[in-house]
């Protein structure tokens, strides 16, 4: 676990947590602070459940969790971002799967799900925690739920003196909270990217080999930044989104192809162009939408390898072009984007210095990502501020622009509250 000094963003968050703890009465005096990052996926979006390799970076929008063990056998947690939910107060070991319904309209479902999954995976929790949580990760596109879940898991394990050094195991546990308790059909992209993120490096995950590589960037000829454009829309969760439909369609097409003699487990197993052409010719008329999903995955996987070469050589202009091509594929072939997301992309595409743009995350709502020359950040912000509120007046006070740096995914801050 990396231990770091606080920067100004950390100090501001800790001050907010400290003041909130006084109001709630939760005892986090001299508590520890664990900080978990967001992530910016460079490729392949929606590739995790389709078997592709995955590439991205950790970014400096965070979940901060101030926590202290208690001997009451309870998890007592308060989220500053969801004050109307009050203090989530749960007895250790009391949550069962059917309680996910009781908690479904509260962020507390992540607390209950963490306790449920750890217990059912054989981890004995005897000590609870008092916790106050604050985050500034946009609600869609940058993996807020994965960041929160990893943080809760690590904090509960630590106070119970249980150490898991295998980051793959941590990622699987976090994924299980979302899959098995909350009912979200997410893959493991988000959890892997946050658990393994390393400042200044790209994180490449190979699911077939079950390994992660940290890819150093070449010398960048252009100073650039990653930007997240939060559309201000409310995202109901993957379990209620087009993501769930697309995932089911991909799995359905794999089953159809296997039934017809193709020895595959995922759409990404179709790598040869002749095989791709054969499938499109044979199934295009009967399963046109499924073939479009395959088209996106087939070419996105090829684009990923081009992006890795560009990353290693420092060709950020090529990375931007590939990022943009991927967005067009997500919009036109995968059909997973949404009007607010595409409006953000269209505005960004017309701004000076923008190298590439596309939707981020599960789709429908949430956030779009942009790669832009640093010298043109103000131009991008000006374009968004001038056009987006006119297109969506109801979101004029809800959208946000986040300029991001790469960071380590999971850290303990050096100082205590």
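What follows draws every value from the coordinates through simple rules; no lab data is involved. Note that the structure is predicted; figures quoted are calculated from it, not measured. When we count neighbours, we look across all protein chains shown, and the Cβ atoms used for this are built from the backbone with ideal geometry, even at glycine.
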At 222 nm, what helix-only mean residue ellipticity would the chain give, in deg cm²/dmol to the nearest 500, using -39500 (n - 2.57) for each DSSP H run of four or more?
-13000 deg cm²/dmol
To the nearest Å, what is the center-to-center distance of region 161-234 and region 337-403, using C-alpha atoms only?
23 Å
Rank these for me by crowding, 240, 219, going from fewest to most other beta carbons within 10 Å.
219, 240
Antiparallel DSSP bridges in the chain: what percent, to the nearest 5?
85 percent
Please determine, in degrees from 0 to 90 and to the nearest 10, the orientation of helix 339-349 with respect to the longest principal axis defined by the Cα atoms of the chain, where the helix direction is its Cα long axis.
70 degrees
So what is the relative contact order of the chain, in percent, for Cα pairs below 8 Å that sit 6 or more residues apart?
25 percent
Angle in degrees between helix 8-24 and the longest Cα principal axis of the chain, rounded to the nearest 10
50 degrees
Across the alpha-carbon set of the chain, Rg over Rh with Rh taken as the Kirkwood radius works out to 0.97
In degrees, nearest 10, the alpha-carbon axis of helix 108-120 is tilted away from the dominant principal axis of the alpha carbons of the chain by 90 degrees
Quick one: order 272, 96 by neighbouring beta-carbon count within 10 Å, fewest to most.
272, 96
How would you order 318-329, 382-393 from highest to lowest mean count of nearby Cβ atoms within 10 Å?
318-329, 382-393
Calculate the tail of P(r) for region 1-80: the fraction of all Cα-Cα distances greater than 22 Å, expressed in %.
43 percent
Taking the Cα centre of each part, how many Å lie between region 84-128 and region 260-277?
41 Å
For the residues 283, 110, what sequence is obtained by ranking on other C-beta atoms within 10 Å, fewest first?
283, 110
Could you quote the convex hull projected area for region 219-404, Cα atoms only and averaged over all directions, in nm²?
11.7 nm²
Students often check this: by mean Cβ neighbours within 10 Å, which of 243-249, 298-304 ranks highest, and how do the rest follow?
298-304, 243-249
Given Cα pairs under 8 Å that are at least 6 residues apart, what percent is the relative contact order of region 131-248?
22 percent
